[in-house]
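Colleague: The following block contains the structure, expressed as structure tokens.
The numbers here are math on the coordinates, done by the rules we state, and not lab data. Since this is a predicted model, take the numbers as computed values, not measurements. Reconstructed Cβ throughout: ideal geometry from the backbone, glycine too, with neighbour counts over all protein chains shown.
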Amino acid sequence: MTDRSVADIRETVQALPAPARELFARLFHVSVTTGELVPCPSIEGWLKAQFGSVQTVRSQRITRITNQVTMEGSIFNGLRSRRPKEAKGSLDLQKTIREKAGDPFCSPLDRTPEDTFGRVEGRYCTTASSVAKFEGFHGVVVFDEHSPLALSEERVSDYIDTAARWAQAAHEEDERAKYPLFVWNCLWKGGASIIHGHAQVVLGRDMHYAKVEGLRKASGSYAAAYGSDYFDDLYRVHEALGLAFASRTTRVIAYLTPIKEKEVLLISPRLDHNCKAAIYQVLRCYLQEMGVRSFNLAIYLPPMGESLDEWRDFPVFARVVDRGDPMNRTSDIGAIDMYGSSSIVSDPFQVAVALRQAFTRHGKDLSDGSLGNRGEGREQESKQHKYRVAG
């Protein structure tokens, strides 16, 4: 599997058994083209030094993949990773993190506001009320460790559990607020305004957040059209390609249409210990194996409270993405990403190899395709659409 590449996705799909090829064609569309140019002689030396050879630039294979269910799309051209970056900073990241110690999050009980229902204390964190909210209930999970890169499985689990208890407290104060979203921006490249480690949790009214609701509607339309579960089929396609595996009940996917670099999806029936451990393993692989320093994590959950039929089959769905080198001042998102399809330089096949090795190295039970349907073994409680959190 290590020699596979997204540039060869058509050939890889053609080698699959017929049922897997048909399922791939249902979910994804692939377009492959060649970009050609004629370099002037004066820059041939620079091209060779920058890109390895003139011919590499002269003829470039570009692969565009579109998820036909969610209409997410990615453009792959690994050559773009070698393009010159003239906005590279010279700061020392660890020194920058240390120098920012002493910010308000270092003393959250004295220097941050609390919510109307008070604070929720975790073992390694405490909550604060966001001073500039994007929701009526908008909390900040402030880590007791200043560096956002100092992670452990126990800490990550505690951050998520504390956010869940915060959401429950907010829901008890206002039962109309029932749509939870957990988000974690690591460092400024990931959108964090404060370096000190922290995550955010919001609880909305009326309807879920647009991207969550969009995924729910897309998966519902898929089920109505094909009589099949979208999340099951998404996993099966990626597993057939060697891009996915299961860690007990949590499915881990190196996504074929990532929103940005190295995006990983995690699908689980519950936000339980196994799911939180898998999320940590992805972050650990990011930091220790892939050299990631800035990332975003989001956890989509169904609404709290009474069961809603339209959310009956919606799983816990987490997304993690690399946001690039914090020392590079060039943004990783441009107009093509916002208004066209995401431009990607990482290869999902390489991401999958790194993930599988990391999970195996750290003793996680892996399986491929052995979970059957997502509904198998799912506890009845998870059908009731309470806030699905277990220790």
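Colleague: Which whole number in µm²/s is D for segment 226-288 by Stokes-Einstein, with the Kirkwood Rh taken over Cα pairs at 37 °C and 0.692 mPa s? If you can, show how the numbers build up before the last one.
Modeller: Working: Rh = 12.3 Å.
Diffusion coefficient, whole number: 267 µm²/s.
Colleague: Roughly how many Å is it from the Cα centre of segment 1-78 to that of segment 178-200, as a whole number?
Modeller: Centre-to-centre (Cα) distance: 33 Å.
Colleague: With viscosity set to 1.002 mPa s and temperature to 20 °C, compute the Stokes-Einstein D of segment 287-353, Rh being the Kirkwood radius across alpha carbon pairs; µm²/s, no decimals. Working shown, then result.
Modeller: Values: Rh = 15.1 Å.
Using the Kirkwood radius from Cα pairs, D works out to 141 µm²/s.
Colleague: Between 197, 122, 214, find the one with the highest GNM mean-square fluctuation for the chain; connect C-alpha pairs within less than 10 Å.
Modeller: Comparing 197, 122, 214 in a Gaussian network model of the chain, the most mobile one is 214.
Colleague: Does segment 1-111 classify as rounded, prolate or oblate by the C-alpha gyration tensor (a ≥ b ≥ c root eigenvalues; a/c under 1.5 gives rounded; else a/b over b/c gives prolate, otherwise oblate)? Write out the running numbers ahead of the final one.
Modeller: Details: a/c = 3.20, a/b = 1.32, b/c = 2.42.
In terms of gyration-tensor shape, oblate.
Colleague: Of the residues 16, 37, 215, which exhibits the maximal mean-square fluctuation in a Gaussian network model of the chain defined by a 10 Å Cα contact cut-off?
Modeller: In this elastic network of the chain, the residue with the biggest mean-square fluctuation among 16, 37, 215 is 37.
Colleague: Further question on the same structure: Find the relative contact order for segment 124-249 and round it to a whole percent, using C-alpha pairs within less than 8 Å whose residues are 6+ positions apart.
Modeller: Computed over segment 124-249, the figure is 24 percent.
Colleague: Would you look at the GNM of the chain, springs on alpha carbons closer than 10 Å, and say which of 273, 138, 238 moves the most?
Modeller: Between 273, 138, 238, it is 273 that shows the largest mean-square fluctuation.
Colleague: If you average the sequence gap of Cα pairs under 8 Å that are 6 or more apart and divide by the length of the chain, what percent do you get for the contact order?
Modeller: On the way: 736 pairs, mean separation 75.7, N = 391.
It comes to 19 percent, rounded to a whole number.
Colleague: For the residues 206, 115, what sequence is obtained by ranking on other C-beta atoms within 10 Å, fewest first?
Modeller: Working: 206 8, 115 19.
Ascending Cβ contact count within 10 Å gives the list 206, 115.
Colleague: Can I ask one more? When 147, 152, 74 are ordered from fewest to most other Cβ atoms inside 10 Å of their Cβ, what list results? Mind dumping the intermediate values first?
Modeller: Details: 147 17, 152 12, 74 24.
If I rank by nearby Cβ atoms, fewest first, I get 152, 147, 74.
Colleague: Please label the shape of the chain as rounded, prolate or oblate, based on the square roots a ≥ b ≥ c of the eigenvalues of the alpha-carbon gyration tensor (a/c under 1.5 means rounded; beyond that, a/b larger than b/c means prolate, else oblate). The partial results should precede the final answer.
Modeller: Numbers: a/c = 1.93, a/b = 1.23, b/c = 1.58.
Because a/c hits 1.5 or more and a/b fails to exceed b/c, the chain counts as oblate.
Colleague: Take 46, 184 and order them by how many other Cβ atoms sit within 10 Å, fewest up front.
Modeller: Details: 46 12, 184 25.
Exposure proxy ranking, most exposed first: 46, 184.
Colleague: Among rounded, prolate and oblate, which fits segment 197-250 when a ≥ b ≥ c are the square roots of the eigenvalues of its C-alpha gyration tensor, a/c under 1.5 means rounded, and a/b larger than b/c means prolate?
Modeller: Values: a/c = 3.13, a/b = 1.28, b/c = 2.43.
Oblate, because a/c is 1.5 or more while a/b does not exceed b/c.
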